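Student: Sending over a structure as structure tokens; questions will come in a sec.
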Amino acid sequence: MESSLGLLLIGINVLVTILCFSNRALYENFLFSIGHIRHYKEYYRFLTSGFIHADWMHLLFNMMSLFWFIGDCTYVLGTANTLFVYFGSLVCGNLVAYFSNRDNDDYRAVGASGAVSGIIFSAILFDPSGSINLLMFPNGIPKWLYAILFIGYSMYGMRSRHDNIGHEAHLGGAMTGLLLTLLFIPQLLFL
């Protein structure tokens, strides 16, 4: 389901990421950095880090995931509540990353993955049996399976720690997306 909100968020993510790719100082100023948050109280990084990405593949993966799922959220929750899920999942996902790594001033991460995870898990509550088409799966895969693979990749990333992606934020964002959606539509618990 197409969503103008989704296209707007994708456009902002792409624009900010491109700007940060060409301006290293801006990238460094926006990324999630435990040391800068702890010592300099740069709390804005809980938000700004969600609009920059580590590389083109990271950006593409997050934006495709957002595109596939945000339409369902907007359709059911409306624009304002979908934005609340998106930004609430972004911030709460980064809070999980912060508290998981609070003793590591060198911890740094980027990406919209917490927000995207929140949107994915919100959308799955509405239509778990729906499917998405991926190039490698022309007949589509169930949304619930895509979500499991997404979280599995996140857990692998948390253990391997080989990149600059906030994998802890994936899990925190997913749980936040579920909880906020159930807060808006508690009857989903009984379907």
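The values are calculated or read from the model by the stated rules, or taken from the named source; none is laboratory data. Note that the structure is a prediction, hence the values are computed from the model and not measured. Using ideal geometry, Cβ is built from the backbone for each residue, glycine included, and neighbour counts are taken over all protein chains shown. Accessible surface areas use protein heavy atoms only, side chains included; no ligands, DNA or RNA. Shrake-Rupley method; radii C 1.70, N 1.55, O 1.52, S 1.80 Å.
Student: Quick one: is ASP106 over 13 Å from the mean Cα position of the chain (by Cα) and at pLDDT 90 or above?
Tutor: yes
Student: Just checking, which of GLY140, GLY173 is touching a helix residue (DSSP H, G or I) at 6+ places or on another chain (Cβ under 9 Å) and small (Gly, Ala, Ser)?
Tutor: GLY173
Student: So which residues in the range 151-181 are modelled with pLDDT under 80 and buried (at least 21 other Cβ atoms within 10 Å of the Cβ)?
Tutor: SER154, ILE165, GLY166, HIS167
Student: Let me ask something else about it. Inspect the range 122-142 for any residue being modelled with pLDDT of 95 or more, open to solvent by 20 Å² or more (accessible area, probe 1.4 Å) and farther than 17 Å from ILE70 by Cβ and give the result as yes or no.
Tutor: Among the residues of the range 122-142, not one is modelled with pLDDT of 95 or more, open to solvent by 20 Å² or more (accessible area, probe 1.4 Å) and farther than 17 Å from ILE70 by Cβ, which makes the answer no.
Student: Still on this structure, please answer the following. Being aliphatic (A, V, I, L, M) and in contact with a strand residue (DSSP E or B) (Cβ under 8 Å, 6 or more places away or on another chain): is that true of ILE52 here? Write out each step before concluding.
Tutor: On the way: aliphatic (A, V, I, L, M): yes; in contact with a strand residue (DSSP E or B) (Cβ under 8 Å, 6 or more places away or on another chain): yes.
Yes: the conditions hold for ILE52.
Student: Going by the conditions given, is CYS92 in a helix (DSSP H, G or I) and open to solvent by 20 Å² or more (accessible area, probe 1.4 Å)? Working first, answer last.
Tutor: Working: in a helix (DSSP H, G or I): yes; open to solvent by 20 Å² or more (accessible area, probe 1.4 Å): yes.
When the stated conditions are applied, CYS92 passes them.
Yes/no per residue for (1) more than 28 Å from THR181 (Cβ to Cβ); (2) free of Cβ contacts under 8 Å to residues at least 60 places away in the same chain:
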| residue | (1), (2) |
| --- | --- |
| VAL16 | no, yes |
| ALA25 | yes, yes |
| HIS39 | yes, no |
| TRP68 | no, no |
| GLY114 | no, no |
| SER117 | no, no |
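Student: With respect to ASN81, is the statement that it is in a helix (DSSP H, G or I) and either open to solvent by 10 Å² or more (accessible area, probe 1.4 Å) or closer than 22 Å to ILE185 by Cα (or both) true? Walk me through it before giving the result.
Tutor: Numbers: in a helix (DSSP H, G or I): yes; either open to solvent by 10 Å² or more (accessible area, probe 1.4 Å) or closer than 22 Å to ILE185 by Cα (or both): yes.
Answer is yes for this residue.
Student: What are the pairs with Cβ atoms under 6 angstrom where one residue, in the range 41-53, is closer than 18 Å to ILE119 by Cβ and hydroxyl-bearing (Ser, Thr, Tyr) and the other, located anywhere, is modelled with pLDDT of 95 or more and in a loop (DSSP other than H, G, I, E, B)? Sequence gap at least six, or different chains.
Tutor: From residues that are closer than 18 Å to ILE119 by Cβ and hydroxyl-bearing (Ser, Thr, Tyr), the pairs are SER49/LEU31.
Student: Same structure, new question: Say we look at the range 4-60 and pick out the residues that are hydroxyl-bearing (Ser, Thr, Tyr) and not in a helix (DSSP H, G or I); which of these is farthest from ASP105 (Cα to Cα)? So that I can check it myself, show each step before the final result.
Tutor: Narrowing the range 4-60 to residues hydroxyl-bearing (Ser, Thr, Tyr): 4, 17, 22, 27, 33, 40, 43-44, 48-49.
From what's left, not in a helix (DSSP H, G or I): 33, 43-44.
Details: SER33: 7, TYR43: 14, TYR44: 17 Å.
Among them, the one singled out is TYR44.
Student: Continuing with this model, one more query. For the range 34-84, enumerate the residues that are among the small types (Gly, Ala, Ser), at pLDDT below 95 and within 14 Å of the chain's Cα centre (by Cα).
Tutor: Keep residues of the range 34-84 that are among the small types (Gly, Ala, Ser), which gives 35, 49-50, 54, 65, 71, 78, 80.
Restricting the remaining residues to those that are at pLDDT below 95 gives 54, 65, 71.
Within the range 34-84, ALA54, SER65 qualify.
Student: Does any residue in the range 128-154 that is farther than 14 Å from SER117 by Cα and of a type in the set (Ser, Thr, Tyr) come within less than 8 Å, Cβ to Cβ, of a residue that is assigned to a strand (DSSP E or B) and at pLDDT 85 or above six or more places away or on a different chain, and which pairs are these?
Tutor: Cβ pairs passing all conditions: SER129/PRO142; SER131/ILE141; SER131/PRO142.
Student: State all residues of the range 1-56 that are hydroxyl-bearing (Ser, Thr, Tyr), over 28 Å from THR82 (Cβ atoms) and open to solvent by 30 Å² or more (accessible area, probe 1.4 Å); if no residue qualifies, say none.
Tutor: SER22, TYR40
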